[in-house]
Amino acid sequence: MSTAETSEQDSTSTTASDSVRFYDDWTDDQPLSEWTKYLDDGDFEASTKTDVAPEGGLVQLRLKETTGGGTNGVLGWKNDQTGWDSAWTMRGIFYTANVGDDSRYTTQALLLYYDGNGKDAPITVPLGIVDGSGNEIPFRFEGSHIVDGSSTEHVPDGDWQDDTWYNYEIDYDGNGTIEGSIWKEGDDKPTDPQISATVSGSLDDSRVAAFQINGPGSYRLDGEFTMDHGYIEWTDSEDGSENERDTISVKATALTFLPGESEDSTENEDNSIDSTIPDWVDKWFHGDGVEELPYDLTELEEKSLPEYDRTFPRYRVKNEVTIDIESADGRTIDDSTINTNSDISPVTLEGVPKTHAPSEENDEDAIEENVLRDDDCFAPWFRDALSGDWRFTEPEEKSKLADRRIEIEAGNETIEGVQVASIVGGSDVFLEVLRQQANERTPWYLSAQAFLQGKFEQCGVGLKTRLALISLIFNLPYFYTFLDVIVMADGSSLVRMVDASVYPRHALYINEAKKGGASNFDKGDEWKPNQKLVSSGNPYVPELTSGNDRFDNMGAESIAVGATPFPHAGLLYQYHYDIGSRTGPHPVLEHAEGETLNPETLSLQNVLFPDGG
């Protein structure tokens with residue numbers, strides 16, 4: 001995504017307190033719409049690629065030059081920006097994707113206050129790699145606006161490295177002093193600037209920033225030089241001072257959804273639905289009709305269903321935590337706020353007309369088969385238990401929340417932070433009603449399980465499927481996610497999806513950018529169309545013959561008291577987690593940013609369990 005002349009940052013990489021003049025991580029539908037080529041005297045290519053970067057989004061800007069002879073290209077902002085004469089900061093991250101064994105004439109630079117009409121720029125910041133003689137090009141300031149002889153020089157670790165991410169930051173104080181730092185991803189940001197220079201001449205005009213890249217030397221006609229950029233940001237900073245972080249904002253969102261294709265049974269010849277839900281349950285309920293979620297949470301659309309004249313969320317459960325911290329010194333917390341935004345999507349019943357334009361006199365006959373909507377089966381039960389339009393009902397939301405202040409030792413300093421734990425989940429409200437109504441309607445001489453099994457038999461459900469359904473209904477599983485979010489005063493953050501139901505699929509977004517997805521349910525691999533929910537005869541263990549182990553494991557975990565946070569929790573749930581009895585890897589997903597928090601060294605004992613789980 002890109003911004004220009006905005007007051008808030010829409011990224012995950014830095015803080016939201018500085019006024020953002022320009023930001024781009026190339027995740028828009030038209031990722032290069034804010035950019036233009038100012039120079040191309042060779043085989044210069046500018047494109048985007050999808051990959052995970054340490055900072056920014058999941059899309060990167062790729063700059064490539066393949067023509068020999070040291071030719072070069074320049075890609076810069078399309079629109080001029082004012083404010084170069086005031087205090088500002090330029091940040092970014094780049095990756096040395098393809099440099100080659102002999103790297104002569106393979107260089108790149110950041111051009112500042114660029115007017116777009118030549119190879120020179122008033123302020124040029126080389127970002128490696130080597131010149132025509134094979135010498136390392138240091139990180140420094142040069143150009144017509146840099147006072148001759150004033151610039152210092154620096155090469156990270158004394159040698160640029162291939163296949164490496166480098167962070168950079170350029171600070172101008174508005175009074176003629178410009179400073180810069182560059183460091184490898186994973187290393188600490190330098191305490192003091194590594195290079196500095198004096199700027200002369202006017203910076204009053206409206207101009208742009210640009211990337212310049214030079215291709216391989218003439219003797220390497222088949223050479224290639226490729227650099228990837230994760231993001232670039234230009235922000236205001238305070239006159240004559242370092243660009244300290246004042247406000248840190250992190251929003252973590254966990255989504256749970258049922259993948260699949262069309263949720264309209266009339267589109268399938270056998271009246272089944274192509275999703276991750278096993279057969280009988282699939283004929284009763286809708287999934288979310290999605291195979292892949294967008295990278296940007298704001299692009300997540302609602303779903304429309306032919307049975308209803310309204311839209312529904314395209315997910316099952318949303319668990320969202322936002323932490324805002326104010327800190328004047330980057331070490332202590334002056335103020336903090338915590339906000340949560342959870343949501344459970346309504347469960348919707350299938351039942352679209354087999355022809356989308358049924359006549360009034362045979363409207364009921366035109367409804368596709370769904371025993372839950374059938375007046376001869378279960379519809380009266382739901383009318384008695386549910387109010388309004390009972391065909392779609394929002395489950396009761398189950399949630400647990402806890403927070404605390406923490407301190408972490410970083411070098412010789414103590415950094416304060418805020419930790420929030422949020423568990424949110426829900427179950428299928430219609431299956432809950434089936435259990436409740438069976439308990440209320442069962443004659444004294446029968447068990448509720450036997451009574452409900454007889455009802456299923458009356459409605460045409462086969463024996464093995466009936467047994468599996470009874471187990472599912474009387475040991476009802478919950479879809480849930482457990483988020484643990486830590487934000488420190490120095491801007492570092494760690495977001496962990498500590499635990500989640502083994503079924504269905506979950507995804508993690510941080511500041512609305514997707515950071516990972518678990519249990520992808522790739523079609524033909526982790527799920528197949530028309531799965532069969534059957535039982536081997538044991539009424540307590542549902543079994544799937546089509547290979548959906550996740551659904552089977554969810555049913556098994558729902559029987560083990562304390563294995564999941566709902567419907568029973570407490571210390572037993574934390575005990576199950578601590579001894580590692582949960583299915584799959586834990587944490588399920590995690591993402592760290594900044595220098596203080598490291599998921600590899602921060603013990604899982606630091607996880608905050610609400611109410612002991």
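The values are calculated or read from the model by the stated rules, or taken from the named source; none is laboratory data. Remember, predicted model here, so these are calculated numbers, not experimental data. FYI the Cβ positions are ideal-geometry reconstructions off the backbone, even for glycines, and counts take in every protein chain you see. With ligands, DNA and RNA removed, areas are computed over all heavy atoms of the protein, side chains included. Shrake-Rupley method; radii C 1.70, N 1.55, O 1.52, S 1.80 Å.
Report the full-extension gain for the segment T48 to S33: residue separation times 0.36 nm, less the Cα-Cα distance, to one decimal in nm.
Answer, rounded to one decimal: 4.2 nm.
Do the alpha carbons of any pairs in K303/K398; K64/K251; K78/K189; K49/K283; K64/K514; K400/K515 sit beyond 29 Å of each other, and which pairs?
K64/K251; K78/K189; K49/K283
Separation between the D159 and S387 pseudo-spin-labels, each 7 Å from Cα along Cα→Cβ, expressed in nm?
Once both label points are built, they end up 7.4 nm from each other.
Which whole-Hz couplings ³J(HN,Hα) result when phi for each residue of the stretch 463-472 is put into the Karplus expression 6.51 cos²θ - 1.76 cosθ + 1.60, θ = phi - 60°, listed in order with x for Gly and Pro?
Each residue of the stretch 463-472 in turn: 4, 5, 5, 4, 4, 5, 5, 4, 4, 5 Hz.
In nm, to one decimal, how far is the modelled label at E440 from the one at E292, with both set 7 Å along Cα→Cβ?
Reported label-point gap for E440 and E292 is 4.7 nm.
Would you grab the residues whose amide H sits under 5 Å from the one on F139? Only those 5+ places off in sequence or on another chain, please, with H modelled 1.01 Å from N.
Result for F139 returns H154, V155.
Which net charge results when you count Lys and Arg as +1 and Asp and Glu as -1 among the other residues whose beta-carbon is under 11 Å from that of D228?
+1
Taking H as built 1.01 Å from N, whose amide H comes closer than 5 Å to the amide H of I195, not counting residues under 5 places away?
G180
So, R0 is 51 Å and r is the distance between the beta-carbons of L608 and T152; what FRET efficiency does that work out to, to 0.05?
With R0 = 51 Å, the Cβ-Cβ based efficiency is 0.70.
How long is the stretch 307-349 along each principal axis, judged by its Cα atoms, biggest number first, in Å?
Extents along the principal axes: 56, 15, 11 Å.
Computed from the mean reciprocal separation of all distinct C-alpha pairs, what Kirkwood hydrodynamic radius does the stretch 287-327 have, in Å?
Every distinct Cα pair counted, the radius reaches 12.8 Å.
How much accessible surface does Y445 have with a 1.4 Å probe, in Å² rounded to 10?
In the full protein context, Y445 sits at about 150 Å².
What length, rounded to one decimal in nm, is gained on full extension from T311 through to D329, with 0.36 nm per residue of separation minus their alpha-carbon distance?
Taking 0.36 nm per residue and subtracting the Cα distance, the gain is 1.8 nm.
Could you compute the FRET efficiency for A410 and T82, with r as their C-beta to C-beta distance and R0 at 35 Å, rounded to 0.05?
That pair, A410 with T82, gives E of 0.40.
Roughly how much of V147 is accessible, in Å² to the nearest 10, using a 1.4 Å probe?
Roll a 1.4 Å probe over it and V147 shows about 60 Å².
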